Amino acid sequence: MNELDFNTRYEETLLAIEDAIEESGEDLDFESVNDILTLTCSNNSLIIITKQSATSQLWLAAKSGGFHFDQHEDGWVCDSDGQTLSDKLAHICQEQGGVSIQFP
């Protein structure tokens, strides 16, 4: 994947996450600045999504740890456990923020 494809997929992913949060009506705030998406839970804990252009990965940081995702045909897949970004993020949001959101 070239850098343009990676950046496009990353930006589309952030927008899809933001849309899912807005559509859910759940109490989860978000802010996107300089390609970093920060989700703020009602207990003020943070979930942070960043891109790592050098490795063409999406990184997710949460109270439960840091996770690295590679782009596959099926979407973003965690390099440590094979879980998709959608599933991992939904689980973290439930566990850390007490919100139930289904991500695309």
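Some values worked out for this structure:
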{"read-out": "Relative contact order %, segment 3-97, counting alpha carbon pairs below 8 Å whose residues are six or more apart", "value": "17"}
{"read-out": "Between helix 85-97 and the chain: long-axis angle, C-alpha atoms, 0 to 90°, nearest 10", "value": "30"}
{"read-out": "Positive minus negative residues near E3 (Lys, Arg vs Asp, Glu; Cβ under 14 Å)", "value": "-1"}
{"read-out": "Nearest-ten-degree value, helix 3-24 long axis tilted from longest Cα axis of the chain", "value": "20"}
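Computed from the coordinates by the stated procedures, all read-outs in this text should not be read as laboratory data. Keep in mind it's a predicted model, so treat the numbers as computed, not measured. Cβ coordinates were reconstructed from backbone atoms using ideal geometry, including for glycine residues, and neighbour counts include every protein chain displayed.
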